[in-house]
Amino acid sequence: MSDGVGQVETKTLLVHDEERPLVLESGARLTHVEVAYETYGTLAPDGGNAVFVCHALSGDAHAAGYHEGARRPGWWDNIIGPGRPLDTDRLFVVCANVLGGCKGTTGPGSIDPSTGRPYGLRFPQLAVRDLVAVHRALLRELGVRRLLAAVGGSLGGMQVLQWSLDHPGELAGAVIVAASGRLSAQNIAFSAVAREAIMRDPDFAGGDYYAASVPEAAEAPARPDRGLALARMIGHITYLSEESMRQKFGRRIQDAVEPRYGFDVDFEVESYLAHQGQSFVERFDANTYLYMTRVMDYFDPFADAAYVQRSVAEAAASPGGATRYLVLSFDSDWRFSTEHAREIADELRGAGAPVTFRELSAPHGHDSFLFPIPEYHRTVAGFLDQLAGGAGARRAAAAGAGAGTGAADAA
Amino acid sequence: MRPDLDVVAALVGRDLRVLDLGCGDGALLEELIERRGCSGVGVERSDEGFHACVARGVPVTHGDLQEELSRTATGAFDCAILSLTLQATREPLEVLSEMRRVAPRRVVSLPNFGHWRLRLDLARTGRMPVSEALPYQWHDTPNIHLCTLRDFEATVAEIGMRIARRVLLDASGGRAPSATRVAPNLLAVRAVYVLED
């Protein structure tokens with residue numbers, strides 16, 4: 001087994017400015033959009049080996065490898081690297097922080113050029129389509145016109161789905177994992193409670209809690225850490241399965257044998273959640289949490305059946321042929337259960353798209369998509385392999401015949 | 001490709017939406033999609049079959065064919081295929097009636113338990129026959145609902161379907177010699193049926 005992609009760094013590119021503003025689905029305009037991104041592997045001369053990784057709600061551009069001095073690799077390191085399913089010996093892999101994010105890409109914490117202060121809640125409402133638009137703007141800058149595949153889990157999978165429909169013919173393959181085409185009332189309810197936790201925090205200050213929001217103040221304002229931590233705790237419960245929590249914590253007491261019978265943290269699971277909440281506030285922005293959960297709530301690409309039909313037909317008629325879909329779910333995922341994935345597969349198939357669907361067995365709940373589950377990785381690897389021209393291309397690449405050769409034709 | 005799949009492919013036809021139930025490694029679907037203008041999807045329960053389909057670029061659902069059938073919309077396909085799989089299903093009649101619901105044309109192939117060699121084996125040894133076409137012991141066989149061609153044809157008539165075509169196959173899976181037609185239930189190793197209403 002190889003050591004992965006090694007040391008990497010997050011870079012930033014300006015992809016929209018006054019001359020080329022970004023017009024959002026809502027009609028709002030952004031005149032300064034920077035994107036934080038990372039790339040792994042080498043773009044083939046014909047550009048046919050590019051794979052875009054879309055991250056989920058709390059992800060970032062750092063998908064693989066190690067930042068200088070870091071002990072932990074990127075969030076999806078187990079699937080990206082030499083010999084891994086997203087094989088960087090043959091593929092050029094790009095991952096970018098989403099629009100509205102807080103990890104280097106323009107978002108509610110960025111400076112609004114029209115006021116000189118952070119946007120806060122004056123940042124426009126976003127749609128999944130807008131996140132995709134910015135990914136594409138980045139790819140244009142990087143010289144990538146067509147993708148061998150876009151790959152993503154959860155909100156990442158939703159971006160992949162939207163991408164395939166909005167830009168038919170641009171993706172040879174679309175890998176949609178643990179995602180939903182339409183949040184259920186229960187999903188939205190959890191999001192609503194998480195947002196309430198943030199917005200009811202007295203330190204939320206209507207979203208203007210950044211230091212630069214109140215430059216006249218003597219000291220930096222407090223941030224809505226309690227609300228964001230609580231939101232994360234709620235969210236995290238929905239990412240795990242009952243079984244994985246039973247195995248991980250059971251009813252064990254933290255640092256003791258006997259319960260203490262008070263209202264402080266006593267059970268291990270409480271301690272774990274408190275830790276998850278606390279570590280989250282150190283790396284995430286509450287406003288981004290609000291924007292991203294809202295993006296997911298409103299996502300409903302199959303509402304316009306004619307649009308889906310047209311997109312699938314257009315892709316099929318494009319020079320590269322139909323986008324091939326791989327839709328995967330996990331049996332222990334109750335946030336986006338297999339029913340969500342089935343709906344995606346059924347809708348796409350109903351429109352005539354070639355879709356491979358599988359429910360995988362894994363105990364980790366919604367988070368399963370981040371784990372190196374053998375059947376899961378084998379499926380993704382096989383799917384990408386086939387898109388890239390099958391096992392022959394892999395052998396050719398291994399023999400040094402040039403990564404990605406012929407991938408565009410085969411796709 | 002297996003010769004029997006060639007026969008099945010020819011019976012399916014061209015430019016149709018096909019559902020291949022128990023599609024195995026996807027060879028038939030690949031033939032239908034790549035060379036016969038069909039679009040389609042397979043259902044396969046085994047990991048090996050599923051991965052083989054993925055490697056071919058054939059769309060497939062990993063899962064139980066009866067569950068998938070019950071979820072499939074009425075009339076969603078032009079043709080439903082069940083290749084050497086009916087005898088391994090829990091509820092063959094339910095499968096046939098569901099295939100009828102989802103597709104106006106159904107292509108079903110099955111091993112013939114009435115073949116003379118199997119009859120002879122049973123008569124001679126008094127033990128369940130084990131052959132090349134049916135290579136399992138009684139306790140480990142997936143073939144829990146074996147029948148003869150005569151059984152099958154009687155059942156098809158009972159449920160009110162019409163046999164639009166029948167092709168008899170030999171042990172290699174190719175078309176059986178025409179003499180087989182003298183006594184199909186005794187001489188054919190397998191048969192493929194096209195069932196319509």
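The values are calculated or read from the model by the stated rules, or taken from the named source; none is laboratory data. Just so it is clear, the structure is predicted and the values come from calculations on it, not from any experiment. Counting neighbours? That spans all protein chains shown, and the Cβs are built from the backbone with ideal geometry, glycine included.
A few comments on the model shown:
- Here B:Leu84 meets each of (1) crowded, with 18+ Cβ neighbours inside 10 Å; (2) of a type outside the set (Asp, Glu); (3) over 25 Å from B:Gly174 (Cα atoms) with one exception, condition (3).
- Residue selected from the stretch B:13-23 under the condition buried (at least 23 other Cβ atoms within 10 Å of the Cβ) and more than 11 Å from chain A (Cβ to nearest Cβ), by the criterion nearest to B:Arg105 (Cα to Cα): B:Val18
- In the stretch A:44-53 there is no residue matching the filter, namely being polar (S, T, N, Q) and closer than 18 Å to A:Thr379 by Cα.
- Elements of type helices (runs of 4 or more DSSP H) contained in the stretch B:1-96, each with 3 or more residues being without any contact (Cβ under 8 Å) to a residue 24 or more places away in the chain: B:27-35, B:47-56
- Note on the stretch A:197-242: among residues that are over 20 Å from A:Glu282 (Cβ atoms) and of a type in the set (Ser, Thr, Tyr), the one that is surrounded by the fewest Cβ atoms within 10 Å (Cβ to Cβ) is A:Thr238.
- Take the conditions (1) more than 30 Å from A:Gly206 (Cβ to Cβ); (2) in contact with a Ser or Thr (Cβ under 9 Å, 6 or more places away or on another chain); (3) modelled with pLDDT of 95 or more; A:Tyr289 misses just one of them, which is (1).
- All positions within the stretch A:102-129 that are crowded, with 23+ Cβ neighbours inside 10 Å and part of a helix (DSSP H, G or I): A:Val128
- Residue within the stretch B:78-101 that is within 12 Å of chain A (Cβ to nearest Cβ) and under 22 Å from A:Gly352 (Cα atoms) present: no
- Every test in (1) within 25 Å of A:Gly4 (Cα to Cα); (2) buried (at least 24 other Cβ atoms within 10 Å of the Cβ) is passed by A:Ala362 save one, and that test is (2).
- Flag not set for B:Arg36, criterion: surrounded by fewer than 22 Cβ atoms within 10 Å (Cβ to Cβ) and either closer than 21 Å to B:Ser70 by Cβ or under 16 Å from the mean Cα position of the chain (by Cα) (or both).
- Of all residues in the stretch B:24-64, those satisfying the criterion of being away from every other protein chain (no Cβ under 11 Å) and touching a Ser or Thr at 6+ places or on another chain (Cβ under 8 Å) are B:Gly24, B:Leu28.
- Count of residues meeting criterion [of a type outside the set (Asp, Glu), more than 15 Å from the chain's Cα centre (by Cα) and over 22 Å from A:Arg378 (Cβ atoms)] in the stretch A:54-88: 7
- Test: residue in the stretch A:183-203 that is closer than 23 Å to A:Asp331 by Cα, outside any helix (DSSP H, G or I) and either of a type in the set (Val, Ile, Thr) or modelled with pLDDT of 95 or more (or both): yes
Per-residue answers, yes or no, for (1) of a type in the set (Gly, Ala, Ser); (2) over 22 Å from A:Leu171 (Cβ atoms); (3) free of Cβ contacts under 8 Å to residues at least 12 places away in the same chain:
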site: A:Val8; (1), (2), (3): no, yes, no
site: A:Asp17; (1), (2), (3): no, yes, no
site: A:Leu22; (1), (2), (3): no, no, no
site: A:Ala28; (1), (2), (3): yes, yes, no
site: A:Gly41; (1), (2), (3): yes, no, no
site: A:Asn49; (1), (2), (3): no, no, no
site: A:Gly59; (1), (2), (3): yes, no, no
site: A:His67; (1), (2), (3): no, yes, no
site: A:Ala70; (1), (2), (3): yes, yes, yes
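- The stretch A:336-371, subset more than 10 Å from chain B (Cβ to nearest Cβ) and among the acidic types (Asp, Glu), residue farthest from the chain's Cα centre (by Cα): A:Glu347
- Among the residues listed as A:Leu165, A:Leu139, A:Leu161, A:Leu148, the single one being part of a helix (DSSP H, G or I) and touching a strand residue (DSSP E or B) at 6+ places or on another chain (Cβ under 6 Å): A:Leu161
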